[in-house]
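The values are calculated or read from the model by the stated rules, or taken from the named source; none is laboratory data. No experiment lies behind these values; they were computed from the predicted model shown. All Cβ positions, even for glycine, are placed from backbone atoms using ideal geometry, and neighbour counts span all protein chains on display. The accessibility values were calculated without ligands, DNA or RNA, using every heavy atom of the protein model including side chains. Shrake-Rupley method; radii C 1.70, N 1.55, O 1.52, S 1.80 Å.
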Amino acid sequence: MEQKRRDEALAVLKEFLAMPLYSAENVFEKFLALKGAGLYRGNGDQERFVYVPGGREDRVVLVAHADTVWYGQEGLWQTPVFDEEERAFYGENRSAGIGADDRAGCALLWLLRDSGHSLLICDGEEDDSVGAHYLMREYPDIAAELNASRFMIQLDRHGNSDCKYYDLPVGDDFRDYVKRKTGFDEPDRSYSTDIRCLCTEACGVNLSVGYYNEHCSSEVLALEDWLKILGILDGWLAEEMPPFRLTEKSICRS
């Protein structure tokens, strides 16, 4: 990766990690500045998402969530500190983590905003994917548009080499394709994230973005691991994207 791209990426990552842990407002305001971006909001808490349609015919959907596990704890602050020797971010306030789950994913989406692919930022992932369920329930036209894409990539997994499909009925062709493009492996099929709800026809995968010890005060983000996935995505998303369909139609899963 060229130094200019690394410098840009570090500045963007610092900006997103500095956003308040207890609110998603700053994240949504950032993405709403993009051309074509729309904010969709319901009556319930965290029933909202921002959608930025991509311009490419072979577009995929890049997914992240704006909330952290400390959502709603107003006044909870954090000052992410970058350790030059360890090349990692950690929190100065030991009462909370740094919100890398999922501000690391949001920062990646921002850096990929000119890729021609669609961007989807949901709220409420940490509370059973409230925003994703709201989208699928209230906006069937957008849900259909998402599932007409080539496939979906969520950027919300800890570590540096995991790909997760959960219980989505993806075929071996998609698994093999993701393995070739990333080198990542599937550790297990437990837990959940937004793509379990969003993917009803298109395949989807959740990829590691370089954070560790999520949901606790010892949370850290390893910069080189995060830059690694950015480098993978920069190259991969510039290619022609083949379509991948689920082996059977799925439901919006909780």
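Considering all projection directions equally, how large on average is the shadow of the alpha-carbon convex hull of the range 136-216, in square nanometres? List each step's numbers first, then the result.
Working: hull surface 23.4 nm².
So the mean shadow area of the Cα hull is 5.9 nm².
Run the helix sum for the chain: -39,500 (n - 2.57) per DSSP H stretch of 4+ residues, divided by residue count, reported at 222 nm to the nearest 500 deg cm²/dmol.
Numbers: 8 runs with 81 residues, N = 254.
Using -39500 (n - 2.57) per qualifying helix, the result is -9500 deg cm²/dmol.
Taking 0.36 nm per intervening residue step and subtracting the Cα-Cα distance, what contour gain separates GLU57 from ASN213 on full extension? All intermediate terms of the calculation are to be shown ahead of the outcome.
Values: separation 156, 0.36 × 156 = 56.16 nm, distance 3.80 nm.
My answer for the length gained is 52.4 nm.
Going by amide H atoms built from the backbone, whose H comes under 5 Å of the H on ALA88, apart from near neighbours?
So ALA88 has HN proximity to ASP83, LEU223.
Grab the Cα-Cα distance for GLU8 and SER192, subtract it from 0.36 nm times how many residues apart they are, and report the gain in nm with one decimal.
Numbers: separation 184, 0.36 × 184 = 66.24 nm, distance 3.12 nm.
Here the segment from GLU8 to SER192 would lengthen by 63.1 nm.
Taking H placed 1.01 Å from N in the peptide plane, check which residues at least 5 places from LEU246 or on another chain put their amide H under 5 Å from its amide H.
ALA202, CYS203
Gain in length, GLU240 to SER161, computed as 0.36 nm per residue apart minus the alpha-carbon separation, to one decimal in nm? Provide the component values of the computation, followed by the final result.
On the way: separation 79, 0.36 × 79 = 28.44 nm, distance 2.32 nm.
Net length gain for the segment: 26.1 nm.
Can you work out the PRE-style zone for ALA148? Point 7 Å along Cα to Cβ, and I want the residues of the range 199-242 with backbone N under 17 Å.
199-203
Give the accessible surface of the range 116-254 per residue, rounded to a whole number of Å², with probe radius 1.4 Å and ligands, DNA and RNA excluded.
38 Å²
Under a point spin-label approximation (7 Å from Cα along Cα-to-Cβ), what is the MET1-ARG87 distance to one decimal in nm?
Taking the two extended label points, one gets 1.0 nm.
Once the convex hull of the alpha carbons of the range 180-249 is built, what does its volume come to per residue, in cubic angstrom?
On the way: hull volume 8.5 nm³, N = 70.
It is 122 Å³ per residue.
Mind listing the phi-derived Karplus ³J(HN,Hα) values for the range 140-145, rounded to whole Hz, using 6.51, -1.76 and 1.60 with θ = phi - 60°, and x for any glycine or proline?
So the Karplus estimates, Gly and Pro as x, are x, 5, 5, 4, 5, 5 Hz.
Just order 12-23, 111-122, 175-186 by mean Cβ neighbour count inside 10 Å, highest at the front, would you?
On the way: 12-23: 19.5, 111-122: 21.4, 175-186: 15.3.
With the highest mean Cβ count within 10 Å placed first, the list reads 111-122, 12-23, 175-186.
If packing is taken as the average number of other Cβ atoms within 10 Å across a peptide's residues, how do 128-136, 210-218, 33-41, 47-55 rank, most packed first?
By packing density, highest mean first, the sequence is 128-136, 47-55, 210-218, 33-41.
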